[in-house]
Amino acid sequence: MSLISRIPLQTAATHENEHEPETGSPSKANLLRSLSYVAIDVPPGNERHSFLDVDPKALGAVVRAKKNETLVSQYGGVKELVETLETDVKTGITSTDADLIRRKSIFGANEYQKPLAKGFPTFVFYEFKDAVIIILLACALLSLGLGIKQHGWKDGWFDGGSIILAVFLVVVISAVSNFNQSRHFQKLSAKSSDISVEVVRDGRRRHISIFDIVVGDVVCLKIGDQIPADGLFLGGHSLKLDESGMTGESDQVEINSAHNPFLLSGTKVADGFGTMLVTSVGMNTAWGEIMSSVSRDLEVETPLQARIKKLISFIGKIGLSVAALVFVMLMVQYFTGHTTDEKGPGKFNGNKTKFEDVMNAVLGILAAAVMIVVAAIPEGLPLAVTLTLAYSMKRMMEDNATVRKLSACETMGSATTICTDKTGTLTLNEMKVTEVWLGKETVSIDGVPKMSPTIIDLLQESIGLNTAGSIYKASPESAPEISASPTEKAILSWGVYSLGLDIDEVKTQREIIRVEAFNSEKKSSGVLVRRNHEKALQTHWKGAAETVLAMCSNYYDKDGIIRAMSDEERRSIETIIQNMAAKSLRCIAFAHKKALEGENGQAHKKLVETGLTLLGLVGLKDPCRPGVRIAVDTCTAAGVRIKMITGDNVHTARATALDCGILKPDEDVESEAVVEGVQFRNFSPEERREKVERIRVMARSSPFDKLLMVQCLKQKGHVVAVTGDGTNDAPALKEADIGLSMGIQGTEVAKESSDIVILDDNFTSVVTVLRWGRCVCNNIQRLIQFQLTVNVSALIINSVAFMSSGKVPLTAVKLLWVNLIMDTLGAFALATEQPTNELMEKPPVGRKEPLITRIMWRNVIAHALFQVTILLTIQFKGTSIFGVDEKVNDTIIFSTTVLFQVFNEFNARKLEKRNTLEGIHKSKLFLAIMGITIILQVVTVEFLNKFCGTERLNWRQWCASIGFAALSWPIDWLVKCIPVDGPPMRCC
């Protein structure tokens, strides 16, 4: 069916009639009057869809299903869809708020509906499933039943009820901590998902958040980018996608306009570059369907937390064994009539003893045995470790490092080797052309007058067409805005400001036939072009100087004359390249070849790589970052080896390594400190393992060489940290013990493969992460030593006191109170200790260091024996020493126990140093927490008598408790004079 359009027309007769005199004759007037419309047949199939007529779900389904025929039949193909969505291939959409709001209201926002996060009750329920909590609740119910039976409802519920209250406090505090940690992980997940995307709006490239993408946006894609939404291919070259994350297939999928223009969100750009039209966002995309049903599990238990649980289980078994032994011994003692009551005779006297009295005695022995188990188990240690890791993660974020995996916090502290990139990590990544060579002669950077017009024309063509970057000028008078990688940006800037490059004019006058995109294997990129109205084809190559020079048989001199390249001249040019590299310059070469299209039938399939003519060389300077040399020296002093792995040639790599302090002047290629990737690759496995220790710099390396080095170092027992920013770095980042990706230049593939993201791409921040990693390990060791001292001393006191007198001085409520304030306040005090310089003066512990070292065992055993000696003395002689009754004596033991831990917390700050008060004035939070702990203890003893079963103490008794506890400091000084030699002792 044809569409009839009515178009008003005004004929020449009408205009002529305006000048005729009016006759009044109707017939004549009608003859001169023309038709007001004309009918035109419009062929079917050219109907334009309106922006509002597009169904977002239907369009999304077509793209997800990759239905090319449906795309053409329903939407007229990609070009028609571009017009329908009111966008432009070159200028994109407008960036006005009204247009963006309109697009979001029709097509939705680029956000996903995630499953609901776990609520607070879930964490409470999880805590109640803990075996330790179950044991404590069983003890509470047993104590509650026994107490009510013996003392009635009025007074009998205090012990059991107090245990239940204490358990409730432990559960709530643990649940609150884990709930807050979960929310922190959710924020971290949102932050890691908020990637930067390059789009074209109002004709200029700009970076926006992935969440700000709207339908109609034109997105620029390069190697390593993640596709931010579903869309269609607009243009580009050699674009291939890795769809393994969506389909599970490892083969790369080629994208082209003819057969497969479909790009699905969540896939990665594996090769090439191009632009895409966004057709679906958010829940209408393929990735949105998956994300709506899957939530990222960032709360994975770390290896250290697993080891802590194993340690607690080990200690719990010891406690149960001791408790069982004591229970059996006292039961035998009771039933053999060897126990006595206050009146003197044995409590058990065969048939004369009432059954009720026997049951009460057995239950009393059982309850006391349970108290021994409670004393042994450090139930707050996992919470304390989580607290330490969470605090460290937060502080590392402030120091430009986002932790994606919690285990990286602890692993980084054990790192023995760091394999780092050069560009952007050790250097500023601010490239600038500082040297230009034509043939064997140098010219100034802006030496256009000295260059032949032929060379200028060819360089403009090579720079303007053989690039993935872009240049935008808002007006002829405004400064150009260059969007590209740092190396491309430097070359484009030189082309614009020194060679007068007009990239739009160059692209208008040439037709690009084929592009070979740059990758780390080839270390070069090429383009095949045809000039307008010419049959000849021009092949242009640009890349690493040695690679491009190997393709060349001729060269241009500065006068534009082509000269054959003899072996001697080739060596001269190689010397020029080496001299530039020795000055830390990255040397880039340009070459081209002209040929008629018929001369090379394969020209469209593969670019010519031989017989090229060298156009020239440029040297790019990328200065070292300020502070990098100090950071490298810090790592060296800490026993951490730095290995630089770069794609630059040997001379550039060596010069940069010397500037950064990675190499010393006496270390060179002959000393095997510097190798090329191909050398390392060709070593036998035995040679690699033997030489990898001496290698400091690997030049001209491929991603496979980097992976090979990481594997070799791990085989040698090293804990390896690796920095990377490219897609090809992903295997090495995954293989390493700690993968460190770059937040600015890093691709999304690299970030997803890493454990920590360095937000400022600075090696100094890598060293900061190392310091925090060591601080985390040190803080956790302090916590373990501190906790074990508490539990060992409490276990021995209760066991000895119960076996000798049938009573325990530290009841379950008192023990839970000690653990509660020690596990929360005490743990937080030790967890918030800041990294110190002395941490970086010790060698790394590596992967074989045990959780509890011999030094820690020395400290724990010595302090536990000292505390046990004092407390048992008070237990047996306190009533006569202080002239008090048994209940007051138990309160003195309770207060002295708590104060022992307060003073011992100062000792735990320094595991080896004798001066435990060093730097204490800087730890204001630590001092504040210690003050709060003492105040809470005083309140508990003086005002919460019924809750803890205590009596009020006078000032003399308080002074005695403080005096006993203060003896911990001189004892600690003496203990640390005892040398600890030999290999460290393993705890489990």
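The values are calculated or read from the model by the stated rules, or taken from the named source; none is laboratory data. Nothing here was measured: the structure is a model prediction, and the numbers come from that model. No Cβ is skipped: glycine too gets one built from the backbone with ideal geometry, and neighbour counts run over all protein chains shown. Note: areas computed on protein heavy atoms with side chains; ligands, DNA, RNA excluded. Shrake-Rupley method; radii C 1.70, N 1.55, O 1.52, S 1.80 Å.
If you stretched the chain out fully between SER209 and MET331, how much longer would it get, using 0.36 nm times the residue separation minus the C-alpha to C-alpha distance?
36.8 nm
The candidate values were (i) 61; (ii) 48; (iii) 72; the one computed from these coordinates for percent of Cα pairs over 46 Å apart carries the label (ii).
For the stretch 472-550, the set of trypsin sites (Lys or Arg not before Pro) satisfying both a DSSP loop assignment and a count of at most 14 other C-beta atoms within 10 Å is given as LYS535. Using only Cα coordinates, the Kirkwood hydrodynamic radius of the stretch 432-621 works out to 16.7 Å. In the assembled protein chains, GLU686 presents an accessible area of approximately 120 Å² (probe radius 1.4 Å). Counting only heavy atoms of the protein chains and using a 1.4 Å probe, THR610 has close to 100 Å² of accessible surface. Once the Cβ-Cβ distance of THR575 and THR454 is raised to the sixth power relative to R0 = 30 Å, the FRET efficiency obtained is 0.70.
So what is the relative contact order of the stretch 878-967, in percent, for Cα pairs below 8 Å that sit 6 or more residues apart?
Details: 63 pairs, mean separation 38.9, N = 90.
Result for the stretch 878-967 is 43 percent.
Under the criterion of Cα pairs below 8 Å and six or more residues apart, the relative contact order for the stretch 432-621 equals 27 percent.
Solvent-accessible area assigned to carbon and sulfur over the chain amounts to 57 percent, based on a 1.4 Å probe.
Taking a temperature of 20 °C and a viscosity of 1.002 mPa s, what whole-number D in µm²/s does Stokes-Einstein yield for the stretch 862-963 with Rh from Kirkwood over alpha carbon pairs?
Working: Rh = 14.8 Å.
Value of D from the Cα-based Kirkwood radius: 144 µm²/s.
Considering only alpha-carbon pairs that sit under 8 angstrom and 6 or more positions apart, the relative contact order computed for the chain is 11 percent.
Which of the peptides 392-404, 742-754 is most tightly packed, and how do the rest follow, going by the mean number of other Cβ atoms within 10 Å of each residue?
On the way: 392-404: 18.5, 742-754: 22.8.
Packing order, densest peptide first, comes out as 742-754, 392-404.
Of the whole protein surface, ILE471 contributes about 30 Å² of accessible area at a 1.4 Å probe radius. With 0.36 nm allotted per residue and the present C-alpha distance subtracted, the LEU137-LEU974 stretch has 297.2 nm of extension available. Listed by chain and number, the lysines whose C-alpha is less than 22 Å from the C-alpha of LYS924, apart from same-chain residues fewer than 8 away, are LYS394, LYS910, LYS913.
Quickly estimate the mean residue ellipticity at 222 nm for the chain, helices only: each DSSP H run with n ≥ 4 gives -39500 (n - 2.57), and the total goes over all residues, rounded to 500. List each step's numbers first, then the result.
Numbers: 36 runs with 479 residues, N = 988.
Estimated from H runs of four or more residues: -15500 deg cm²/dmol.
For LYS317, the lysines whose Cα falls under 28 Å of its own Cα, not counting residues fewer than eight places away in the same chain, are LYS129, LYS309, LYS807, LYS814, LYS848.
The gain in end-to-end length when the GLU838 to VAL176 segment is fully stretched comes to 234.9 nm, 0.36 nm per residue minus the alpha carbon separation. Remark: the chain carries 46 Å² of accessible area per residue (probe radius 1.4 Å; ligands, DNA and RNA excluded). Label positions at LEU320 and GLN715, each projected 7 Å from the Cα along the C-beta direction, are separated by 4.3 nm.
Looking at the chain, what % of its DSSP beta bridges pair antiparallel, to the nearest 5? Of all bridge pairs located within the chain, approximately 80 percent are antiparallel.
When the alpha carbon gyration tensor of the stretch 657-777 is reduced to an equivalent ellipsoid, the three semi-axes, largest first, read 24, 17, 15 Å.
May I ask which of LYS222/LYS422; LYS535/LYS558; LYS118/LYS187; LYS90/LYS240; LYS691/LYS842 have a Cα-Cα span longer than 18 Å here?
Numbers: LYS222/LYS422 21 Å; LYS535/LYS558 27 Å; LYS118/LYS187 14 Å; LYS90/LYS240 22 Å; LYS691/LYS842 25 Å.
Correct reply: LYS222/LYS422; LYS535/LYS558; LYS90/LYS240; LYS691/LYS842.
Applying the Kirkwood pairwise sum to the alpha-carbon positions of the stretch 474-532 produces a hydrodynamic radius of 13.4 angstrom.
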